[in-house]
1. Answer yes if at least one residue in the range 93-101 is closer than 16 Å to residue 124 by Cβ and modelled with pLDDT of 90 or more, and no otherwise.
2. Can you tell me which residue in the range 1-18 is most open to solvent (accessible area, probe 1.4 Å), limited to those that are closer than 14 Å to residue 115 by Cα and among the aliphatic types (A, V, I, L, M)?
3. Which residue pairs have Cβ atoms closer than 8 Å, lie 6 or more positions apart in sequence or on different chains, and pair a first residue in the range 123-147 that is in contact (Cβ under 8 Å) with a residue 24 or more places away in the chain and over 12 Å from residue 35 (Cα atoms) with a second residue that is surrounded by 22 or more Cβ atoms within 10 Å (Cβ to Cβ) and of a type in the set (Gly, Ala, Ser)?
4. Could you tell me which numbered condition residue 104 fails, if it satisfies all but one of (1) in a helix (DSSP H, G or I); (2) of a type outside the set (Ser, Thr, Tyr); (3) at pLDDT below 90?
5. Test residue 115 against the criterion of being among the aliphatic types (A, V, I, L, M), at pLDDT below 90, over 23 Å from residue 64 (Cα atoms) and not in a loop (DSSP other than H, G, I, E, B), and give yes or no.
6. Check residue 58 against each of (1) of a type outside the set (Asp, Glu); (2) open to solvent by 30 Å² or more (accessible area, probe 1.4 Å); (3) farther than 15 Å from residue 15 by Cβ and name the one condition it does not meet.
7. Can you say whether residue 90 is under 30 Å from residue 111 (Cα atoms), within 18 Å of the chain's Cα centre (by Cα) and outside any helix (DSSP H, G or I), as far as the supplied structure shows?
Amino acid sequence: MAAFGSLVALRLLLAFSPIPEYLTDNHQLTSPLTSYTRLKEGVFLLKNGFDPYSGDLFRHSPIQLAFFSTLIPPNKYFYHLLWTALDAITAWNLSRIWQARSKVRSSRREALIQACYLLNPYLLSPSLALSTSTLDNSLCIFALLLASQGRRSAALCMLALLTQSSLYSALLIFPLTLLLR
């Protein structure tokens, strides 16, 4: 548990360092579908009475637009806290999936699984760049956790929410169905 807390603290230190400023508009880490800058522009257009989908600038899902324009305050520091919290929850959920599948109460592998997720540069860099792929990863792992626990309705609801956010996630219906048997 101490290792998990220190890894989350390290992620918070990285999130509030000057590094994210250089990563936010990096096209290797974000795409027009996952860019924080595009999301911010879409929220701005919506709040000022313009349809963000009328041009080709905004490509995020309507549920993300509704979520970020109404529930989440437009503060970059809050976004960094939210992204770090989502990564921490996702790492925790990955270890819970391992527990559910291996039928082991606790082990040293939980810390290893969490460390591998939180220190993975292919997940850390987009998270620091505020890519919305972090939200998709979190929803995907949560749907898999619910499926591994045998909670059918909740797993399928999470998959529906994930598919609305990113269409390619509809391919998870088959593995999720196999887990739910």
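1. Yes, that holds for at least one residue.
2. 1
3. Matching pairs, first to second residue: 143/155; 144/155; 147/155.
4. (1)
5. No, not satisfied.
6. Tallying (1) of a type outside the set (Asp, Glu); (2) open to solvent by 30 Å² or more (accessible area, probe 1.4 Å); (3) farther than 15 Å from residue 15 by Cβ, residue 58 fails exactly one: (2).
7. Details: under 30 Å from residue 111 (Cα atoms): yes; within 18 Å of the chain's Cα centre (by Cα): yes; outside any helix (DSSP H, G or I): no.
When the stated conditions are applied, residue 90 does not pass them.
The rows are residues; the columns are (1) of a type in the set (Val, Ile, Thr); (2) open to solvent by 20 Å² or more (accessible area, probe 1.4 Å); (3) more than 16 Å from the chain's Cα centre (by Cα); (4) within 23 Å of residue 172 (Cα to Cα).
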site: 94; (1), (2), (3), (4): no, yes, no, yes
site: 104; (1), (2), (3), (4): yes, yes, yes, no
site: 111; (1), (2), (3), (4): no, yes, yes, no
site: 115; (1), (2), (3), (4): no, yes, yes, no
site: 127; (1), (2), (3), (4): no, no, no, yes
site: 130; (1), (2), (3), (4): no, no, no, no
site: 144; (1), (2), (3), (4): no, yes, no, yes
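The values are calculated or read from the model by the stated rules, or taken from the named source; none is laboratory data. These numbers were taken from a predicted model, which means no experiment stands behind them. Virtual Cβ from ideal backbone geometry, glycine too; neighbours counted across all protein chains shown. Heads up: the accessible areas ignore ligands, DNA and RNA and are worked out on the full protein's heavy atoms, side chains in. Shrake-Rupley method; radii C 1.70, N 1.55, O 1.52, S 1.80 Å.
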